[in-house]
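*Asks:* Before I ask anything, let me first share the structure, which is written out below as C-alpha cells.
The values are calculated or read from the model by the stated rules, or taken from the named source; none is laboratory data. Only a predicted model underlies this, so the values are computations on that prediction, with no experimental measurement involved. Glycine gets a Cβ as well: all are built from the backbone with ideal geometry, and neighbour counts include every protein chain shown. With ligands, DNA and RNA removed, areas are computed over all heavy atoms of the protein, side chains included. Shrake-Rupley method; radii C 1.70, N 1.55, O 1.52, S 1.80 Å.
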Amino acid sequence: MADTRAEYVIVGSGSSGAALATRLAARTSGKVLLLEAGAPRDKDFWVKTPVGIAKILQNPTYVWPSNTVAQSTLTGQNIYLPMGKLPGGSSSVNGMIYVRGDPAEFDNWRTMGCAGWGYDDLLPYFRRLESAAFGDAKFRGHDGPISVQSIADNSDELTEAFIGACTQAGIARNPDYNGAKYEGVGHLQLSTRNGRRCSTALGYLDGPLRRPNLEMLTEARTTRVLFEGTRAIGVEYTRGSETHRALADREVILSAGPIRSPQLLELSGVGDAAALQKLGVSVVHNLPGVGENFLDHLQSRITYACTKAITLNDILASKPRTLAMGVRYILTRKGFMATPAATAHANVQTSLESGRAGVKIQVHHLSGADRYATAKGFGLDPFPGFAIGFFQLRPASRGSIHIASTDPTKDPIINPNYLAEETDRSHMLAALRLVRKVMSQDAIKPYVDRETRPGPAVTDDAGLLEYIKTSGQTSWHPIGTCKMGVDDKAVVTPDLKVRGIDRLRVIDSSIMPTMPSSNTNVASIMIGEKGADLVLGQQ
C-alpha cells in the first residue's frame, strides 16, 4: 500500500488527542492525520446516555479490557482497568464527572520545574475548552466545545441529604469546585449537553471547530513509531489484515493514553535499554522513565441499605420503574439516566495534611458487590441501597507499565502498586472514617437502614484496612507513565517533546507528573489544548 503523508500524525483520538488534532488542523493549512484504533461507536445510544456507563465499561466493543497483575499490596487480586477504544477515547466511556483539579497541584508542577504548567498558566485553557452556563466568568468558560451541566439542576432528596450531612459534619458548601475554591461539598458537574454525554468526539471531532484538513482513520491500530536514527518520521499501523505507514512531515504525536503511549514507545525502541534488549527490541534511545511513575486513584465504598425505595437498585429491579425512568429521560433529559449514578462529592482536609483537601467522598445511588454491580444477578443488592465512595486525592504509591512481548496486540504488564506507601493507607482509613462521620449526621439518618459493607462491627484499623484492600478498585484515573519534567526520570520535557528524540511528542494524561487531585478527564483535555499551542510554538 502507498504511504500516507501528513504534516502531523497523531495516534489516539481520546480526551487529549481529539482536542489536539482539532486545534492543530484549525490553525495550519497542512493535513493532520488522526489514527484511532477503535471503531466509530461514539454515537451509540448507551455511549451518549450518561447512565449507560454501566453497560459499556465491561464491553470490549467500547473499551480495552485490560487487567493489572495481581496486587500484592491489596489482597492479591487483579484489578480490571478498562480504557476507551473509540473516538473520544475514555471521554466516551467515563463517568463524565467534570473536575479540573486542585489549583495548588498545578502550581506544584511548575515548582517541580515544569515551566508554563502552573494554574495561572493553565486557566485560559480550562476556560477555552468548556461551555458552562453558570459560574464566575473569571474562572469559567462559556463558549467552548465541552458542555458542562450541574447536578444542581437535576437533584433529588438523597443527594440533598448527603450534602446536608456533609455540612453538619463541618464540611463547607462549595457551589463551584471549578471556580474560586476547590475544597468543600457540592453537586457534581458533568460533561453533558442537554442530558447527553459531551465527549471530545462530540465537542471537537463532530463540532464546528473541525476543519476539512483533519482526517481521522478509525480501526487503525498503531503498532510502532518509525525512526531514522533518533528522528521520528512516522508510524506503522494496521487496518484489517493490511499494514500501512503514515509519514509525518513535521511531527509524530502520541496521544494514546497512559497505557498505550508508553507501550508504543517501548515497542518502538524508546525506553529502558536493558529491558528492551532482553525482549529483542532494537534500542533507538535509552529512556528508563518510560512506563514508570504510574498513578491511579484506588476507590473503595461503604454501602448502605436505604429506608426508602428511591435508589437505582429499586429501579433496575423493576421493569415498570425502569420504563418510567426511560420515559422521563426521553421527555425531559433528566432523572437518573442523565447521571452516571453519582451526584455529589466533597473534597476534604484530614488531620494528615493542612491547607489542602486530601480525600474525596462521593454519593452513588446504587449499592452492590463492586463498582460494576449494575443488575440483579450481577452483584446489585436486592434491596434499596446506595454507596459512598472514597479515595485519597494525591496518592504517593507509584507503579509501572511495561511491555512483556513485542506483539503490539498483547497488553503490557500493568502494576499500579496500590497502597504501597503508608501515607496512602492512612489517608484511605481517614476517608473511610470521614464517611462514617458524615453518615451519622441527622440530615442523612432518615435514609439509612443499616451499613451493609463493611458493616458496623468492623471498627479497628486492621479490619477496616483489610476491607479497603479487598474492596478497592480503580477510579479509572491512570496517569503519569510518560512523566513530564526536568529530572532523569522524565520522559518528556515541559514542551512535551520526548527527551533525546527529534520530532516526537507525547500529549496525553501520561505526561502528568503527579495526580491533579481529581478525576483526570478535564485536565487531559486541557493538555490537548495546551499541547496544540506548544506544537505551533505559541507558548
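*Asks:* If you average the alpha carbon positions of the stretch 479-536 and of the stretch 283-318, how far apart do those two centres end up, in angstrom?
*Replies:* A separation of 23 Å, based on Cα centres.
*Asks:* Which cross-chain or sequence-distant (5 or more) residues have an amide H under 5 Å from the amide H of residue 131, H modelled 1.01 Å from N in plane?
*Replies:* The list, which skips near neighbours in sequence, is 144, 146, 147, 148.
*Asks:* Please work out the C-alpha center-to-center distance from the stretch 138-184 to the stretch 1-77 and express it in whole Å.
*Replies:* If you average the Cα positions of each part, the centres end up 29 Å apart.
*Asks:* A further question on this structure: Taking a spot 7 Å from the Cα of residue 437 along the direction of its beta carbon, which residues of the stretch 163-183 have an amide N less than 18 Å from it?
*Replies:* So the set is 163-174, 183.
*Asks:* Could you look at the stretch 67-110 and say what percent of its accessible area is carbon and sulfur, using a 1.4 Å probe and all protein chains? Intermediate values should be presented prior to the final figure.
*Replies:* Numbers: 580 of 1170 Å².
Roughly 50 percent, rounded to a whole number.
*Asks:* Between 291, 526, 512, whose Cα lies farthest towards the positive end of the dipole of the chain when Lys and Arg beta carbons carry +1 and Asp and Glu beta carbons carry -1, centred on the Cα centre?
*Replies:* Of 291, 526, 512, it is 526.
*Asks:* Separate question: Set the Förster radius R0 to 60 Å, insert the Cβ-Cβ distance between residue 462 and residue 29 as r into 1/(1 + (r/R0)^6), and round the FRET efficiency to 0.05. Please report the intermediate quantities before stating the final value.
*Replies:* On the way: r = 64 Å, r/R0 = 1.07.
With R0 = 60 Å, the Cβ-Cβ based efficiency is 0.40.
*Asks:* Continuing with this model, one more query. Name the trypsin sites (Lys or Arg not before Pro) in the stretch 402-445 that are in a loop by DSSP and that have at most 16 other C-beta atoms within 10 Å, would you? Don't skip to the answer; put the middle values down first.
*Replies:* Working: sites: 410, 425, 433, 436, 437; in loops: 410.
Taking the stretch 402-445 and a limit of 16 other Cβ atoms within 10 Å, the loop trypsin sites (Lys or Arg not before Pro) found are 410.
*Asks:* Once label points are set 7 Å from the Cα along Cα→Cβ at both residue 331 and residue 61, what is their separation, rounded to one decimal in nm?
*Replies:* 2.9
*Asks:* Distance between the C-alpha centers of the stretch 252-271 and the stretch 332-395? Whole Å please.
*Replies:* 32
*Asks:* Assuming a ≥ b ≥ c are the square roots of the Cα gyration tensor eigenvalues, decide whether the stretch 7-135 counts as rounded (a/c under 1.5), prolate (otherwise, with a/b larger than b/c) or oblate. The partial results should precede the final answer.
*Replies:* Working: a/c = 1.60, a/b = 1.18, b/c = 1.35.
It is oblate, given that a/c is not under 1.5 and a/b is not larger than b/c.
*Asks:* Give me, ordered by chain and number, the residues 5 or more places off residue 77 or on other chains with an amide H under 5 Å from its own placed amide H.
*Replies:* 71
*Asks:* Something else now. How big is the stretch 257-298 on each of its three principal axes, counting only the C-alpha atoms and giving the largest first in Å?
*Replies:* Sorted from largest, the Cα extents of the stretch 257-298 read 35, 15, 15 Å.
*Asks:* Add +1 for every Lys or Arg and -1 for every Asp or Glu among the other residues with Cβ under 11 Å from the Cβ of residue 86, and state the total.
*Replies:* Working: positive: 41, 43, 85; negative: 36, 42, 44, 219.
Net charge around residue 86: -1.
*Asks:* Right, something else. Dipole of the stretch 323-446, Cα-centred, from +1 at each Lys and Arg C-beta and -1 at each Asp and Glu C-beta, to the nearest 20 debye? If you can, show how the numbers build up before the last one.
*Replies:* Numbers: 15 positive and 9 negative charges, 102 e Å.
The dipole magnitude comes to about 480 debye.
*Asks:* May I ask you to derive the FRET efficiency for residue 136 and residue 383 from their Cβ-Cβ distance with R0 = 41 Å, giving the value to the nearest 0.05?
*Replies:* 0.45
*Asks:* Determine the share of the stretch 442-539's accessible area contributed by carbon and sulfur atoms, expressed in whole percent, with a 1.4 angstrom probe.
*Replies:* Details: 1530 of 3210 Å².
Taking all protein chains in place, the stretch 442-539 shows 48 percent carbon and sulfur surface.
*Asks:* Here are some pairs, 31/278; 31/138; 469/497; 489/530; 48/319; which of them have Cα atoms lying more than 29 Å apart in this structure?
*Replies:* Working: 31/278 38 Å; 31/138 35 Å; 469/497 38 Å; 489/530 23 Å; 48/319 22 Å.
Long pairs (Cα-Cα over 29 Å): 31/278; 31/138; 469/497.
*Asks:* Where nothing but the Cβ of Lys and Arg (+1) and of Asp and Glu (-1) is charged, how large is the charge dipole of the chain around its Cα centre, in debye to the nearest 20? Don't skip to the end; give the middle numbers.
*Replies:* Numbers: 59 positive and 53 negative charges, 228 e Å.
Using Cβ point charges on Lys, Arg, Asp and Glu, the chain gives about 1100 debye.
*Asks:* Need one value: the accessible area of residue 244 in square angstrom, 1.4 angstrom probe, rounded to the nearest 10.
*Replies:* About 20 Å², rounded to the nearest 10.
*Asks:* What nm value, rounded to one decimal, do you get for the distance between residue 120 and residue 307 when each label is placed 7 Å out toward the C-beta?
*Replies:* 5.1
*Asks:* Out of the total accessible area of the stretch 180-303 (probe 1.4 Å, heavy atoms of protein only), what percent is carbon and sulfur?
*Replies:* Numbers: 1960 of 4420 Å².
After summing per-atom areas, the C and S share lands at 44 percent.
*Asks:* Given 311, 264, 279, which one lies farthest toward the positive end of the charge dipole of the stretch 234-315, if we put +1 on the Cβ of every Lys and Arg and -1 on the Cβ of every Asp and Glu?
*Replies:* 311
*Asks:* Of 40, 78, 103, which is farthest along the charge dipole of the stretch 4-109 in the positive direction, counting Lys and Arg as +1 and Asp and Glu as -1 at C-beta?
*Replies:* Positive-end residue among those listed: 40.
*Asks:* Let me ask something else about it. For the stretch 473-487, just list the computed ³J(HN,Hα) in residue order, Karplus coefficients 6.51, -1.76 and 1.60, θ = phi - 60°, integers in Hz, with x standing in for Gly and Pro.
*Replies:* In residue order, the calculated couplings are 9, 5, 8, 6, 10, x, 8, x, 7, 10, 3, 7, x, 10, 8 Hz.
*Asks:* Amide H neighbours of residue 343 under 5 Å, counting only residues 5+ apart in sequence or on other chains, H built in-plane at 1.01 Å?
*Replies:* 363
*Asks:* Given that compact globular proteins tend to follow 2.2 N^0.38 Å, what is the ratio of the alpha-carbon Rg of the chain to that value? Display every interim value, and only then the final one.
*Replies:* Numbers: Rg = 22.4 Å, N = 539, 2.2 N^0.38 = 24.0 Å.
In units of the globular-protein estimate, the chain measures up at 0.93.
*Asks:* Continuing with the same structure: Leaving ligands and nucleic acids out of the surface, order 488, 249 by accessible area at 1.4 Å, largest first.
*Replies:* Details: 488 130, 249 80 Å².
Ranked from most to least accessible, the order is 488, 249.
*Asks:* May I pose another question? Residue by residue, what Karplus-based ³J(HN,Hα) values in Hz, rounded to whole numbers, does the stretch 400-417 have, using 6.51, -1.76 and 1.60 with θ = phi - 60° and x for Gly and Pro?
*Replies:* 7, 9, 9, 6, 10, 8, 7, 7, x, 8, 8, 4, x, 7, 10, 10, x, 6
*Asks:* Could you derive backbone 3J(HN,Hα) for the stretch 463-471 from the dihedral phi with the Karplus parameters 6.51, -1.76 and 1.60 (θ = phi - 60°), listing whole Hz in sequence and x where the residue is Gly or Pro?
*Replies:* 3J(HN,Hα) across the stretch 463-471, in whole Hz: x, 5, 5, 4, 4, 4, 5, 6, 9.
*Asks:* If you count only protein heavy atoms with a 1.4 Å probe, what accessible area per residue comes out for the chain, rounded to a whole Å²? Spell out each step's value before the answer.
*Replies:* On the way: 19310 Å² over 539 residues.
On a per-residue basis, the chain sits at 36 Å².
*Asks:* Shifting gears a bit: What is the helix-to-structure angle for 521-535, meaning the angle in degrees between its Cα long axis and the longest Cα principal axis of the chain, kept from 0 to 90 and rounded to the nearest 10?
*Replies:* The helix 521-535 is inclined about 20 degrees to the chain.
*Asks:* If you place +1 on the Cβ of every Lys and Arg, -1 on the Cβ of every Asp and Glu, and leave all else neutral, what size is the dipole of the stretch 465-539 about its Cα centre, to the nearest 20 Debye? The partial results should precede the final answer.
*Replies:* On the way: 8 positive and 8 negative charges, 24 e Å.
Computed about the Cα centre, the dipole is about 120 debye.
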